[in-house]
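Undergrad: Starting off with a structure, shown below.
The values are calculated or read from the model by the stated rules, or taken from the named source; none is laboratory data. Just so we're clear, the structure is a prediction, and the values are computed from it rather than from any experiment. Glycine gets a Cβ as well: all are built from the backbone with ideal geometry, and neighbour counts include every protein chain shown. Protein only, heavy atoms only, side chains kept; ligands, DNA and RNA dropped before computing areas. Shrake-Rupley method; radii C 1.70, N 1.55, O 1.52, S 1.80 Å.
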Amino acid sequence: MGDVRLTDLSYLRALMARYGIVTKKKYGQNFLVNPSVPERIAEHGCDARCGVLEIGPGVGTLTYELCKRARKVVALEIDETLLPVLRETLGEFDNVKVILRDVLKTDLVKLCEEEFSGCESVRVCANLPYYITTPVLMYLLENGAPFSSVTVMVQREVADRLTARAGSPEYGAITAAVGYFGRAEKLFSVSPGSFLPPPKVESAVVRIDIHENSPYADCDKELFFRLIGAAFGQRRKTLMNTLRGILSEKEREAVMNELSLLGFPRDVRGERLSTDGFAALARAIAAARKNA
Ligand code: SAM
């Protein structure tokens with residue numbers, strides 16, 4: 001491997017100065033400078049047979065570790081001023097393609113078809129820009145691209161939300177929503193000193209293993225997400241009250257019966273229900289509609 005030492009502060013500062021790069025807050029640019037972090041993300045997030053989609057390569061610190069391990073890496077970067085430096089830092093690899101593009105405006109299904117046809121699986125790895133963490137996560141999960149896992153650095157608070165148990169203070173709509181697509185696991189914590197510049201918050205790396213055979217394949221997806229939206233839109237109300245506006249009397253009756261089967265009282269709040277619980281309600285409502 002070449003003499004690229006992106007986590008060496010004096011090397012990185014000199015490189016950035018040479019290319020006139022100043023980190024941009026508006027793009028959530030906090031570059032990794034702790035060598036063990038990109039190594040561990042790459043270890044947990046990819047293997048020799050997989051293709052990797054990276055969001056936001058920055059100056060290429062994580063990308064470099066991904067290129068060493070994966071079959072192919074495609075990195076989407078929004079900031080065009082980083083392209084010349086990436087050409088230098090990733091110059092030794094022939095398994096990487098950097099594309100100047102906003103991830104949220106990218107057709108990921110098409111990208112996977114075009115770029116990863118020879119790969120056994122496609123995984124996402126990223127040190128996410130924190131200003132758009134939730135939209136990016138939901139976009140990755142919802143757009144239908146065949147990802148088998150999503151390994152991402154997020155704010156620790158978000159990591160705690162993604163992996164929270166139903167009924168805990170951290171549990172929320174995002175927990176139940178992500179649970180619909182896969183199983184989230186917190187891998188390790190990362191302190192602000194691991195980045196240049198250091199962010200104001202603690203961070204953590206989370207891996208979401210996407211369900212291979214979804215236990216929710218038989219669920220009406222739209223209904224499932226409407227239930228979550230209603231339940232967490234008015235957290236302080238009982239679940240039955242939050243559903244008043246979106247369900248008929250008959251459907252609410254079906255929900256009440258299902259809640260009782262699940263062992264919940266009729267005044268339970270939505271935040272006590274796991275992804276499985278919301279799925280059970282969606283199935284019960286669908287059955288009530290069929291019998292109407
Ligand atoms: N991967 C690098 C690292 O770990 O050092 C940089 C990570 S930095 C936290 C986030 C990166 O995402 C930046 O390079 C930023 O320019 C890029 N970015 C921000 N918004 C983006 C978007 N909508 N689409 C693609 N990349 C984006």
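Undergrad: Please return the ranges of strands (runs of 3 or more DSSP E) entirely within the range 129-237 where 3 or more residues are away from the ligand (no atom under 16 Å from the Cβ) and of a type outside the set (F, W, Y).
TA: 182-190, 203-210
Undergrad: Next question, about the same structure. Would it be correct to say that V136 is buried (at least 19 other Cβ atoms within 10 Å of the Cβ) and free of Cβ contacts under 8 Å to residues at least 60 places away in the same chain?
TA: For V136, the condition - buried (at least 19 other Cβ atoms within 10 Å of the Cβ) and free of Cβ contacts under 8 Å to residues at least 60 places away in the same chain - is not met.
Undergrad: Take the residues of the range 234-247 that are touching a residue at least 12 places away in the same chain (Cβ under 8 Å) and not β-branched (V, I, T): which is most open to solvent (accessible area, probe 1.4 Å)?
TA: Taking the candidates together, the pick is R236.
Undergrad: Just wondering, is there one or more residues in the range 137-160 that are in contact with a Phe, Trp or Tyr (Cβ under 7 Å, 6 or more places away or on another chain) and of a type in the set (G, A, S)?
TA: no
Undergrad: Being hydrophobic (A, V, I, L, M, F, W, C) and under 14 Å from M240 (Cα atoms) is the filter here, so list the residues in the range 259-283 that pass it.
TA: L259, F264, V268, L273, F278, L281, A282
Undergrad: Considering each residue of the range 176-190, count those that are touching a residue at least 40 places away in the same chain (Cβ under 8 Å) and in contact with a strand residue (DSSP E or B) (Cβ under 8 Å, 6 or more places away or on another chain), and give that number.
TA: Result for the range 176-190: 6.
Undergrad: Quick one: would you say I285 is outside any helix (DSSP H, G or I) and β-branched (V, I, T)?
TA: It is false that I285 is outside any helix (DSSP H, G or I) and β-branched (V, I, T).
Undergrad: When you check V205 against the structure, is it within 30 Å of L62 (Cβ to Cβ), in the same structural domain as P38 (by TED's automatic domain parsing) and open to solvent by less than 10 Å² (accessible area, probe 1.4 Å), yes or no?
TA: yes
Undergrad: So which of V103, V96 is of a type outside the set (S, T, Y), modelled with pLDDT of 95 or more, out of contact with any Pro (no Cβ under 8 Å at 6 or more places or on another chain) and within 23 Å of L187 (Cβ to Cβ)?
TA: V103
Undergrad: Here's another thing I want to ask about it. Kindly indicate the residue of the range 48-67 that is out of contact with any helix residue (DSSP H, G or I) (no Cβ under 7 Å at 6 or more places or on another chain) and either open to solvent by 10 Å² or more (accessible area, probe 1.4 Å) or free of Cβ contacts under 8 Å to residues at least 24 places away in the same chain (or both) and also nearest to the ligand (Cβ to nearest atom) among those meeting that condition.
TA: G56
Undergrad: Can you find even one residue in the range 49-60 that is closer than 28 Å to G144 by Cα and acidic (D, E)?
TA: Within the range 49-60, one or more residues are closer than 28 Å to G144 by Cα and acidic (D, E).
Undergrad: For the range 71-87, give me each residue that is more than 10 Å from the ligand (Cβ to nearest atom), touching a Gly at 6+ places or on another chain (Cβ under 9 Å) and open to solvent by 10 Å² or more (accessible area, probe 1.4 Å).
TA: Of everything in the range 71-87, those that are more than 10 Å from the ligand (Cβ to nearest atom), touching a Gly at 6+ places or on another chain (Cβ under 9 Å) and open to solvent by 10 Å² or more (accessible area, probe 1.4 Å) turn out to be R71, K72.
Undergrad: Here is a follow-up. Can you tell me which of (1) open to solvent by less than 20 Å² (accessible area, probe 1.4 Å); (2) more than 26 Å from the chain's Cα centre (by Cα) is the one A231 doesn't meet?
TA: (2)
Undergrad: I'd like the full set of residues that are over 27 Å from A14 (Cβ atoms) and in contact with a Gly (Cβ under 6 Å, 6 or more places away or on another chain), limited to the range 88-122.
TA: V109, F116, C119, V122, listed by residue number.
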